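In what follows, a single structure is set out as structure tokens and then discussed.
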Amino acid sequence: MDASHDPLAALRIEHEEIRGILNKLEGYLKKTASAESDEDRNNLINQLSGITAFMDKDMEIHFKREEEALFPVLGNYIGIETGPINVMLIEHNHCRDLSAGFKIKINNYRSDKNYKALIDAGNSLSQLLSEHEDKEDHILFNMAEMHLTQDEKRSIMEKILAIK
């Protein structure tokens with residue numbers, strides 16, 4: 001089953017895209033911390049604001065694909081109320097909260113110039129999201145590979161493709 005038909009491969013590809021954005025986020029945060037002028041810092045803050053647009057759209061779509069397509073089917077095998085899926089759901093919500101907080105810090109920067117709070121918020125989001133994806137890639141998706149049938153994978157992929 002190739003990535004166009006394998007939901008786990010498709011979700012892993014999305015993880016790579018998210019990791020690329022996280023690398024940009026971390027780079028902009030470091031540059032923001034060491035910026036030598038308000039103008040430079042303002043330009044970097046605008047770049048960070050663009051990253052939040054990705055978080056609002058693409059990260060949310062990715063989370064929904066996992067929550068609405070993969071987790072319910074995999075949950076038939078490993079449960080949802082406790083265990084890895086429950087942890088992933090909690091972390092999705094925590095990522096959403098951190099992303100919202102990061103956006104607030106970006107908006108507040110325009111009036112309070114507190115770039116340190118913005119950097120802390122961005123680093124917290126980046127760290128959690130990076131650790132979260134590692135858990136999914138190395139634990140949850142491996143469990144899915146062990147349990148899901150080809151028919152279930154096809155059904156999950158159809159649901160994934162419908163979530164935009």
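All of the numbers you see were taken from the coordinates with simple rules; none came from a lab. Computed from a predicted model, the values in this text were never measured in an experiment. Note that we place each Cβ from the backbone using ideal geometry, even for glycine, and neighbour counts take in every protein chain shown.
Say R0 is 22 Å: what FRET efficiency, to the nearest 0.05, do D112 and S37 get from their beta-carbon distance? All intermediate terms of the calculation are to be shown ahead of the outcome.
Details: r = 18 Å, r/R0 = 0.81.
With a Förster radius of 22 Å, E is 0.80.
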Total lysine pairs under 24 Å (Cα atoms) in segment 34-137, excluding pairs fewer than 8 apart on one chain: 9
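Please give the calculated 222 nm ellipticity per residue for the chain, where each DSSP H segment of at least 4 residues contributes -39500 (n - 2.57) and the sum is spread over every residue; nearest 500 deg cm²/dmol?
Numbers: 8 runs with 129 residues, N = 164.
Estimated from H runs of four or more residues: -26000 deg cm²/dmol.
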The chain, relative contact order [Cα under 8 Å, separation at least 6], %: 37
Structure-derived Cα extents along the principal axes in Å - corresponding label in (1) 45, 32, 29; (2) 57, 31, 23; (3) 105, 51, 23: (2)
Calculated FRET efficiency for the pair H5/L128, C-beta based, R₀ 25 Å, to 0.05: 0.25
